[in-house]
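Working notes for the structure below.
Derivation of every value follows stated rules applied to the coordinates shown; laboratory data play no part. On a predicted model such as this, the values are computed, not experimentally measured, just so you know. In this analysis, Cβ positions are derived from the backbone assuming ideal geometry, glycine residues included, and neighbour counts consider all displayed protein chains.
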């Protein structure tokens, strides 16, 4: 980060590394929304859930609290559009689906929320390993070579229905021994300002991914970061970071 002239620091009082999920979502210069972080996949690991309110107090951040259960890793936002997976309905089964989406639109200050099917191989049900915005008309999606084509079709249809162009990027977690391992999922990159930090894994796809990013993001500095160690724990660069603008 220092080499890229990106200011950074550690969050105080955390219990795990998945800051993207439990920290609030920034919707304006000084406006943050704190959704409830208590996902079903952590029901037997309550002791690992960080107290975001205490963390924010320590760093002097105030946020609007919401009872809606929504991990930050399941929010892909660009301007007036946000993309979430249908895992949002499972986590909030006591809500009417239409009302739930309306409330999230209001909280995120977007005009449209697009719901895509979650990847059944991802226990978190997050969108940040499946899709990311290039601009307001274009998104990156995984090239699911060996995945059920019904999933691929459903994802494309969900996005293209709203006029979004889809660009596929390499995706190869198929050799991983456990579904906890995120090795081969390049989508979970970190974007800060005009820098994009892309995870690489010493795989043959690495070179083509970097070239694709350089082509798709010509006005950004593309940086590769070996991410095998962190990937073994189930997430990569977007997952372990919490970025804000001022």
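Between residue 98 and residue 51, the simple spin-label model (points 7 angstrom out along Cα→Cβ) gives 4.1 nm. Secondary structure note: in the chain, about 40% of the DSSP beta bridges are antiparallel. Multiply the residue gap between residue 38 and residue 207 by 0.36 nm, knock off their C-alpha separation, and tell me the result in nm, one decimal place. The span from residue 38 to residue 207 would gain 57.1 nm if fully extended. Within segment 183-246, DSSP assigns beta bridges of which about 35% are antiparallel (rounded to the nearest 5).
First measure r as the distance between the Cβ atoms of residue 219 and residue 3, then evaluate 1/(1 + (r/R0)^6) with R0 = 30 Å and state the FRET efficiency to the nearest 0.05. After rounding to 0.05, the efficiency reads 0.95. If you take the square roots of the eigenvalues of the alpha-carbon gyration tensor of segment 68-121 and sort them as a ≥ b ≥ c, do you get rounded (a/c under 1.5), prolate (a/b over b/c) or oblate? Oblate, because a/c is 1.5 or more while a/b does not exceed b/c. The distance between label points at residue 111 and residue 67 comes to 3.1 nm (points 7 Å beyond Cα on the Cα→Cβ vector). Given R₀ = 25 Å, what would the calculated FRET efficiency be for residue 148 paired with residue 229, taking r from the Cβ atoms and rounding to 0.05? That pair, residue 148 with residue 229, gives E of 0.25.
Could you work out the Kirkwood radius for the chain, taking every pair of different alpha carbons, averaging 1/r and inverting it, reported in Å? Across the chain, the inverse of the average 1/r is 18.6 Å.
If a spin label sat at a point 7 angstrom from the Cα of residue 123 along the line to its beta carbon, the backbone N atoms of segment 148-192 nearer than 19 Å would be those of 173-185. Here the extension length gained between residue 136 and residue 161 equals 7.6 nm, from 0.36 nm per residue of separation less the Cα-Cα distance. The per residue volume of the convex hull around the alpha-carbon atoms of segment 116-246 is 112 Å³.
D by Stokes-Einstein for segment 178-241, Kirkwood Rh over Cα pairs, 10 °C, 1.306 mPa s: 134 µm²/s.
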